[in-house]
Amino acid sequence: MLTRTPPDSPMLFEEVPLVPDFSLELTARKAGHWPVAGTDEAGRGPLAGPVVAAAVILDPDNIPDGLNDSKQLTAAQRENLFEAILATAEVSIAASGPRHIDERNILRASLDAMRRAVAGLSLTPAYVLTDGRDVPLGLCCPGKAVIRGDARSVSIAAASIIAKVTRDRMMARAHHVFPAYGFANHAGYGTPQHRAGIDTHGPCLLHRMSFRPLKKDGVLAEE
């Protein structure tokens, strides 16, 4: 069973700070859990492409400036922070592809990618902070789900940046293989351009056939 934050949990009603900090990591450290990893994913909503997860263990003495939820940053800021995180932190990346998503559903595929990202860290964490309501099963250590974690924890924020930039780069490369869909412009999200490409050419290998508005036969469903 999934470890899920109850809907009436005080966590859901806490005032979320505008800028993430290191307080959750320090709380875990005081409890004897160190090092602490943050994990997050990118790409749960698109109609095509993988969901990408990252796990990051920051050096508390060398945390890059400007870490925040990847959605609050410009593409240029994300790219700069991506390089800064890689240069100063332990980082691992994993992905679940479209067929995995179709077979297991997007939630399970996302959590599985997070679990594999944590397992791939060269430094074994003693505690994991996960963005969202669920802690992946099979972690090597205890974990905590943090609602809006990328706005509360710099470790999760760093993971969100790594996952987002990695996935955007993957979809930009996919554009050269499947140019008819415009993946470089929308990263697989259901934009008018993307839907028009599916209408005209049908789905490709990167499409998630279990997602609306895609049908199993690859034709757009009626709205």
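Tell me the residue from Leu121, Leu129, Leu205, Leu137 that is under 20 Å from the mean Cα position of the chain (by Cα) and either of a type in the set (Ser, Thr, Tyr) or surrounded by fewer than 18 Cβ atoms within 10 Å (Cβ to Cβ) (or both), please.
Just a single option satisfies the conditions, and that option is Leu137.
Of all residues in region 150-197, those being in a helix (DSSP H, G or I), among the hydrophobic types (A, V, I, L, M, F, W, C), surrounded by fewer than 24 Cβ atoms within 10 Å (Cβ to Cβ) and over 15 Å from the mean Cα position of the chain (by Cα) number 6. Residue count for region 107-149 under the criterion of being assigned to a helix (DSSP H, G or I) and touching a Gly at 6+ places or on another chain (Cβ under 6 Å): the result is 1.
Among the residues of region 69-102, write down those that are β-branched (Val, Ile, Thr) and touching a residue at least 24 places away in the same chain (Cβ under 8 Å). Matches in region 69-102: Ile85, Thr88, Val91, Ile93, Ile101. Every condition in (1) surrounded by fewer than 21 Cβ atoms within 10 Å (Cβ to Cβ); (2) under 15 Å from Val51 (Cβ atoms); (3) among the acidic types (Asp, Glu) holds for Glu90 except the one numbered (2).
Throughout, read-outs are computed from the coordinates displayed, never taken from laboratory work. Fair warning: this is a prediction, and the values are worked out from it, not measured in the lab. Here the Cβ is made from the backbone with ideal geometry for all residues, glycine too, and neighbour counts use every protein chain on show.
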